[in-house]
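Chemist: Got a structure here, written out as structure tokens. Questions coming.
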Amino acid sequence: MEKIITPTGIKAIIISNKKSGELPDFLSEKEVDKVRKFHSSIKGYKATPLISLENLAKGLGVSKIFVKDESYRFGLNAFKGVGATYAIARVICEKLGVHIDDVSFDYFKSPEVSEKIKDMVFVTATDGNHGRAVAWAATQLGCKSIVYMPKGSSLIRLQHIKDAGAEAYITDVNYDDAVRLANKKAEEIGGYCVQDTAWEGYEKIPNWICQGYTTIAAEALDQTKLDGVAKPTHIFLQAGVGSFAGGILGYFANVFRDELPITIIVEPENAACIYNSALINDGQPHAVTGDLNTIMAGLACGEPNTVTWKFLRDFAFAYISCPDYVAARGMRVLANPIGNDKKIVSGESGAVGLGLVTLLLEREELKELKDKLRLDENSVILCFSTEGDTDPEQYRKIVYDGKNPSYFE
Ligand SMILES: Cc1ncc(COP(=O)(O)O)c(C=O)c1O
């Protein structure tokens, strides 16, 4: 393990020796095919675009840069709908004693099933995107949802969740305590806590959510193949609790085995719990506490998912902690494409991976890190823009008005 501190505020931990671990069965190709089949049954399902930023790649001296644009997912402006729909469907299947492989999304909407599930209440905590997805999925199925947000949450994100049909509140606690609150509430009312993170004793539902996320990765691989790329060389995955990154990486580990692309986990510096766990390096997940202050609201989580942490530990090549300017830069680069590259509207938590890529490839102060990550002219990079402008006012303040700079101060 090597720790690299750069003068740009970006810090990295690189694991140089070859990594291996137990492959997660629940993220195998066979399982993922089933998940994708279920998602395909949802009205409005469509693979989100994978955009090849050819001019940017050329300008930065690499072979290709792909960005998967999750702002198009189910009209929710973020990727979380794939997790919430799949997990809620599995919870209902369990209640009804049916198997997910035998049903489609419409099955749950049939009058006979609706009658049986109409009193189910789904409870969750969220920085915005997951709560909106849970509310949307529950409402479509005629069920109720209750959503808690951490202190300081965006009012417009709260409104989006209410508009999707949930009873929703901004609490005065941080994200991790809001999760505890949601869990307690679900227990009190006999509801179902549908949380997008696991802890000891609470793993089944978050694992379903994680499985849901794999549809994104499976689509991405099909799409890179259409562009003549069987396998990217580098994958950048941003992490809050690490369910998204762990789900995607667990699936890629199953697909590519010993030939896994170099995968880099990216986090905000004030909420870098995966980086912190890699740094402590005793094999266990470690929390960071406090207000977790960052513009990347979706990544402002202090306690790693205890299941997916293991995949991040076993299969990631590097862990990088980023100041907020990295995300702001990513948002601007994606909003201002070069030549005929396609514009991507990417929010704070969506843009940090691409922001980091551009800095690694451009800045002399990051040359050592770039080399250690083996980025060169042959690199084929895959990033995930996991949200659009989920807080449009903030988005404009950053992209139009320069609220956060694009450089290290
Ligand atoms: C836009 C966005 N990107 C990435 C993430 C990170 O997901 P996870 O918390 O599973 O690491 C989130 C989580 O809320 C998010 O909203």
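Chemist: I need two numbers for region 315-368: Rg to one decimal and Dmax as a whole number, Cα atoms only, in Å.
Modeler: According to the Cα coordinates of region 315-368, Rg and Dmax are 11.9, 36 Å.
Chemist: Shifting gears a bit: Would you compute the Debye intensity of region 81-195 from its alpha-carbon atoms alone, equal scatterers and no solvent, and pass along log10 I(q)/I(0) at q = 0.14 Å⁻¹ to two decimals?
Modeler: Computed log10 I(q)/I(0) values: -0.52.
Chemist: Apply the Karplus parameterisation 6.51 cos²θ - 1.76 cosθ + 1.60, with θ equal to phi minus 60°, to every residue of region 2-7 and state each ³J(HN,Hα) to the nearest whole Hz, in sequence, with x for glycine and proline.
Modeler: Per-residue couplings from phi come out as 10, 9, 10, 9, 9, x Hz.
Chemist: In whole Å, what is the distance between the alpha-carbon centres of region 1-38 and region 333-364?
Modeler: 22
Chemist: So, one more: From the phi angles alone, apply the Karplus equation (6.51, -1.76, 1.60; θ = phi - 60°) to region 307-321 and give each ³J(HN,Hα) in whole Hz, x where the residue is Gly or Pro.
Modeler: Each residue's phi maps through the Karplus curve to give 7, 6, 3, 4, 6, 5, 5, 7, 10, 7, 9, 8, 10, 10, 9 Hz.
Chemist: Leaving ligands, DNA and RNA out of it, work out the accessible area of THR6 with a 1.4 Å probe and give it in Å² to the nearest 10.
Modeler: 10
Chemist: Note the direction-averaged projected area, equal to a quarter of the hull surface, for the Cα convex hull of region 1-51, in nm².
Modeler: Average projection, Cα convex hull of region 1-51: 7.1 nm².
Chemist: Shifting gears a bit: Give me the base-10 log of I(q)/I(0) for the chain at each q in 0.10, 0.13 Å⁻¹, Debye formula, one uniform scatterer per Cα, rounded to two decimals.
Modeler: Debye curve over Cα of the chain, log10 I(q)/I(0) at q = 0.10, 0.13 Å⁻¹: -0.60, -1.05.
Chemist: Listed highest first by mean packing, meaning other Cβ atoms within 10 Å per residue, what order do 199-207, 266-274 come in?
Modeler: Answer by packing, highest mean first, reads 266-274, 199-207.
Chemist: Taking the Kirkwood radius as the inverse of the mean 1/r across Cα pairs, report the Rg/Rh of region 244-324.
Modeler: Across region 244-324, the Cα-based Rg/Rh ratio is 0.97.
Chemist: Within region 26-153, what whole-number % of the accessible surface is contributed by carbon and sulfur, with the 1.4 Å probe and all protein chains included in the calculation?
Modeler: The C+S portion of the solvent-accessible surface of region 26-153 is 48 percent.
Chemist: Something else: Divide by every residue of the chain the summed helix terms, -39500 (n - 2.57) for each DSSP H run of at least 4, and state the resulting mean residue ellipticity at 222 nm, rounded to the nearest 500 deg cm²/dmol.
Modeler: Calculated at 222 nm, the ellipticity per residue is -13000 deg cm²/dmol.
Chemist: Where both partners of a DSSP beta bridge lie in the chain, what percent of those bridges are antiparallel, to the nearest 5?
Modeler: Antiparallel bridges: around 30 percent, rounded to the nearest 5.
Chemist: Report, in whole Å, the centroid distance computed from the Cα atoms of region 148-204 and region 69-98.
Modeler: 16
Chemist: Of VAL91, VAL62, ILE14, which is farthest on the positive side of the dipole of region 11-119, counting Cα position, with +1 on Lys and Arg Cβ, -1 on Asp and Glu Cβ, and the Cα centre as origin?
Modeler: Value computed over the given set: VAL62.
Chemist: If I take every Cα pair under 8 Å that is 6 or more residues apart in the chain, average their sequence separation and divide by the length, what percent do I get for the relative contact order?
Modeler: Reported as a whole number, the value is 22 percent.
Chemist: Can you give the extra length, in nm with one decimal, that the chain gains between LYS151 and LYS37 once fully stretched, where that is 0.36 nm per residue apart less the Cα-Cα distance?
Modeler: Full extension of this stretch gives 37.3 nm more.
Chemist: Here is a further query. At 1.4 Å probe size, with every protein chain present, just tell me what the per residue accessible area of the chain comes to in Å².
Modeler: Accessible area per residue: 39 Å².
Chemist: Rounded to the nearest 20 Debye, what is the dipole magnitude of region 81-195 about its Cα centre when Lys and Arg each give +1 and Asp and Glu each give -1 at the C-beta?
Modeler: Dipole about the Cα centre, nearest 20: 240 debye.
Chemist: Relative contact order of region 81-195, please, whole-number percent, based on alpha carbon pairs below 8 angstrom and at least 6 residues apart.
Modeler: 28
Chemist: Now for a separate question. Kindly rank 287-297, 332-342 from highest to lowest mean number of other beta carbons found within 10 Å of each residue.
Modeler: Per-residue Cβ counts within 10 Å, averaged per peptide and sorted highest first, yield 287-297, 332-342.
Chemist: With unit charges on the beta carbons (Lys and Arg positive, Asp and Glu negative) and the dipole taken about the Cα centre of region 177-299, which residue among PRO261, THR197, TRP208 sits farthest to the positive side?
Modeler: Towards the positive end, the residue furthest out is TRP208.
Chemist: Charges at C-beta only: +1 for Lys and Arg, -1 for Asp and Glu. How large is the resulting dipole of the chain about its Cα centre, in Debye rounded to 20?
Modeler: Taking the Cα centre of the chain as origin, the dipole is about 600 debye.
Chemist: Taking a ≥ b ≥ c as the square roots of the Cα gyration tensor eigenvalues, with a/c under 1.5 meaning rounded and otherwise prolate when a/b beats b/c, else oblate, which class fits region 223-267?
Modeler: Prolate, since a/c reaches 1.5 and a/b exceeds b/c.
Chemist: Moving on to the next point. Would you work out if region 293-384 is rounded, prolate or oblate? Take a ≥ b ≥ c from the square roots of the eigenvalues of the alpha-carbon gyration tensor; rounded if a/c is under 1.5, else prolate when a/b is larger than b/c, oblate otherwise.
Modeler: oblate
Chemist: Which net charge results for the neighbourhood of ASN55, defined as the other residues with beta-carbon distances under 11 angstrom from its beta-carbon, given Lys and Arg at +1 and Asp and Glu at -1?
Modeler: With Lys, Arg at +1 and Asp, Glu at -1, the neighbours total 0.
Chemist: Can you pull the one-decimal nm distance between simple spin-label points at ASP371 and ARG257, each 7 Å off the Cα toward Cβ?
Modeler: 3.4
Chemist: How many nm separate the modelled label positions at GLU115 and GLN284, each set 7 Å beyond the Cα in the direction of the Cβ?
Modeler: According to this spin-label approximation, the distance is 5.2 nm.
Chemist: Between TYR202 and LYS30, what is the label-to-label distance in nm when each label sits 7 Å out along the Cα-to-Cβ direction?
Modeler: Modelled inter-label distance: 3.1 nm.
The values are calculated or read from the model by the stated rules, or taken from the named source; none is laboratory data. These numbers come from a predicted model, not from an experiment. Positions of Cβ are backbone-derived with ideal geometry, glycine not excepted, and every protein chain shown enters the neighbour counts. Please note that ligands, DNA and RNA were not included when accessible areas were found on the heavy atoms of the full protein model with its side chains. Shrake-Rupley method; radii C 1.70, N 1.55, O 1.52, S 1.80 Å.
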